[in-house]
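Asker: I'd like to ask you about the structure that follows.
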Amino acid sequence: MRSRATSFRHVRACRPASLGPAKGFPVDNNGDVDEASRQTGTTHANGTVFRIIEFAPGNAERNHRTDSIDYAVILSGEIDMDLDGTNVHLKAGDVIVQRGTIHNWINRGTEPCVIAFVLIAAHSALAGGKVLPAVG
């Protein structure tokens, strides 16, 4: 049986790199389409995105909320995650799960910080019975 691996790329995390977005649940492993070549936004409705991002020291702040559950692993460096005014300092080896809150990544250090993300489509967060829209 022929392998159906769609792509493997060595990526230097010098800028955002999306690696293999997939659509649908469960994902269909049949076919020969290279899903990594498909354009995607921050998240992929009804799918997943695997992304590696390098945050340079003094990066521009960007408060945002996504309609996804986000798994993140700090691969190198250090970064602050602002959660509605509360800062959490993270360093290489730390793992977080982000579930629809407004957040921001701020590199206040002197070295780049590289983070690997897996974003999986989720229903929008609710507060007081109202949908909290994606922001950013």
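Only the coordinates and a few stated rules stand behind these numbers; no lab work does. None of the values given here were measured: they were computed from a predicted structure. When we count neighbours, we look across all protein chains shown, and the Cβ atoms used for this are built from the backbone with ideal geometry, even at glycine.
Asker: By how many nm would the segment from Arg108 to Ser76 lengthen if fully extended, with 0.36 nm per residue of separation less the alpha-carbon distance? Please report the intermediate quantities before stating the final value.
Answerer: Numbers: separation 32, 0.36 × 32 = 11.52 nm, distance 1.42 nm.
Full-extension gain reported as 10.1 nm.
Asker: Another one. Using a ≥ b ≥ c from the Cα gyration tensor of the range 48-136 (square roots of the eigenvalues), is it rounded, prolate or oblate, where a/c under 1.5 gives rounded and otherwise the larger of a/b and b/c decides, a/b for prolate?
Answerer: prolate
Asker: Using packing as a proxy for protection, rank 83-91, 104-112, 63-71 so that the peptide with the highest average count of other Cβ atoms within 10 Å comes first.
Answerer: 63-71, 104-112, 83-91
Asker: Stretched out fully, how many nm does the piece from Asn63 to Asn30 gain, at 0.36 nm a residue minus the Cα gap? All intermediate terms of the calculation are to be shown ahead of the outcome.
Answerer: Working: separation 33, 0.36 × 33 = 11.88 nm, distance 3.75 nm.
Computed gain between Asn63 and Asn30 is 8.1 nm.
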